[in-house]
Amino acid sequence: MNGEVVNETVKGNDEPPLSSEPPAAEATALSVSCALPRPAQNPKWSDWRWQIRNRIRSFQELTDFFPSLRSQTGIAKVAEKYPMAITPYYASLIRSADLSDPIFLMSVPQGQELFAPEFLHADPLEEEEDMPVPGLVHRYRDRALLMATTMCSMYCRHCTRKRVAGYQESSISVQQLNDIVTYLKAHPEIKDVIISGGDPLTMATSLLERILMAVRSVPSVEIIRLGTRVPVVLPQRITNELTQMLAKYHPVWVNTHFNHPNEVTPESQAACARLANAGIPLGNQSVLLKGVNDSPQVMEELCRALVRSRVRPYYLFQCDLVRGVEHLRTPLSRGIEIMEYLRGRLSGLAIPTFVVDTPHGGGKIPILPNYIVSMSPSHTVLRNYEGMIVNYPEPVVRETHGRANNCGKSHTPGVWELSAGHSSVIAPSGAARQKRRAGRKNHRAEDVATHPEFSSLLQSILSESGG
Ligand code: SF4
């Protein structure tokens with residue numbers, strides 16, 4: 001893919017400066033009427049390439065769709081800093097061009113994106129730090145994330161990769177892909193490769209196939225996942241040609257990104273059905289966003305609609321600490337409240353796991369309401385979703401013979417060793433803090449060895465204390 005660029009739009013460096021003050025006034029003033037675009041009578045509407053070519057990319061194009069936004073010139077300023085692209089299809093889902101509309105909030109730039117308090121970062125998950133070769137993030141032992149392109153059909157205002165998405169719409173080069181394959185072959189512990197971006201399904205089918213073929217050439221890779229928002233914002237792209245190509249590289253999974261029930265339309269449901277009919281299991285990763293889906297009832301409706309569309313709600317992400325999205329972030333307690341509401345109302349199949357992807361590359365941490373009231377060696381007291389408190393007796397026959405056979409695999413110490421009194425601590429080996437401690441211990445030992453006065457002092461202390 002050297003020189004094979006899907007579509008190139010290079011942004012200049014004349015970006016407006018970030019601000020440490022939230023410019024709230026303009027955002028709240030964005031309550032305007034709109035002239036809704038109509039897809040009917042357009043023979044090209046279902047052509048995904050037409051949708052991409054006709055994305056709303058400038059303030060001028062936006063106001064052609066929504067003339068009532070003409071006075072909101074701040075939108076143009078924000079779009080210079082963080083690119084805007086909205087497919088005509090996704091724009092047609094906007095029912096009211098103001099902040100009350102979830103589709104508007106997720107797609108149209110707002111002045112508050114320039115609010116940049118210190119705790120926000122361009123790359124809060126430190127993906128660049130966990131990139132052993134350009135374009136591949138290797139954080140968890142058995143998984144790696146391949147960033148295939150920087151292009152998306154729609155630039156979500158809440159994007160975690162705002163630092164790359166849309167600045168220069170291009171796909172990885174042949175050299176990068178070769179380096180990635182070399183790395184994967186040298187790391188057989190990686191069983192699961194997630195192809196992401198940007199959005200990999202914006203790539204031409206033949207380019208995407210080259211990437212899939214390259215990843216499949218690595219014998220130790222068991223599953224391939226695609227992370228994409230295309231079924232939501234550009235469902236026309238899920239063609240039979242695409243699904244037939246994907247099916248050649250099974251097991252292939254797709255994780256998509258619906259955030260609001262208004263995104264679940266006949267078109268997006270048909271796109272999901274085409275993927276599912278090609279034998280591709282579908283999961284959904286939502287992001288919890290203020291004013292969009294931070295309501296238990298909205299999340300319930302979304303999860304029900306997803307399951308009806310054969311999409312399993314997989315994760316509900318707390319919004320990352322990424323620069324440009326502070327105005328959409330919710331308190332953690334809001335997510336816990338939503339999870340509390342969903343449990344008992346929906347089947348476990350329809351309930352996502354609420355997670356915080358921690359800063360500094362700490363990875364995902366699941367957050368749950370607390371259902372354990374108390375624990376003792378003989379009983380655990382639990383609370384159910386209704387508030388009923390129930391006693392759960394622990395086994396009378398204690399674990400005297402250890403746990404299940406490890407089938408010849410090396411033994412991993414678990415909490416059982418602690419509760420049985422065989423050990424007092426289990427610490428992760430190789431953690432930075434442990435390494436520092438070990439380093440200091442060695443250093444102290446060296447000090448004692450190389451300074452005879454310390455050695456004799458230590459001996460006298462030990463003899464006094466009977467040691
Ligand atoms: S589709 Fe994904 S990568 Fe692209 S802008 Fe939206 S969230 Fe970011």
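Close amide-amide hydrogen proximity is noted between Thr380 and Tyr392, Glu394, each under 5 Å apart and 5 or more residues distant or on a separate chain (H modeled in the peptide plane; Pro and chain starts excluded). Whole-Hz Karplus values for the range 234-244 come out as 8, x, 4, 5, 7, 8, 5, 4, 5, 5, 5 Hz, taken residue by residue from phi with 6.51 cos²θ - 1.76 cosθ + 1.60 and θ = phi - 60°; glycine and proline positions read x. With the highest mean first, a sort of the peptides 301-308, 258-265 on other beta-carbon atoms found within 10 angstrom per residue produces 258-265, 301-308.
I need the chymotrypsin sites (Phe, Trp or Tyr not before Pro) found in the range 111-177, filtered to DSSP loop residues with at most 12 other beta carbons within 10 Å of theirs.
Phe119
For the residue pairs Lys191/Lys290; Lys185/Lys409; Lys248/Lys290; Lys191/Lys364; Lys162/Lys435, the alpha carbons lie more than 28 Å apart in Lys191/Lys290; Lys248/Lys290; Lys162/Lys435. Lys409 contributes an accessible area of around 150 Å² to the protein surface, as traced by a 1.4 Å probe with all chains present. In this structure the amide hydrogen of Ile195, modeled in the peptide plane, comes within under 5 Å of the amide hydrogens of Leu146, Arg225, Leu226, Gly227, none closer than 5 places in sequence on its chain.
When the trypsin sites (Lys or Arg not before Pro) in the range 119-163 are filtered for DSSP coil states and for at most 10 other beta-carbon atoms within 10 Å of their beta-carbon, the remaining sites are Arg141. When Arg70, Arg274 are compared by accessible surface with a 1.4 Å probe, the order from highest to lowest is Arg70, Arg274.
The values are calculated or read from the model by the stated rules, or taken from the named source; none is laboratory data. The structure displayed is predicted, hence computed values, not measured ones. Backbone-built Cβ (ideal geometry, glycine too); neighbour counts: all protein chains shown. The area values use the complete protein model at the heavy-atom level, side chains included, leaving out ligands, DNA and RNA. Shrake-Rupley method; radii C 1.70, N 1.55, O 1.52, S 1.80 Å.
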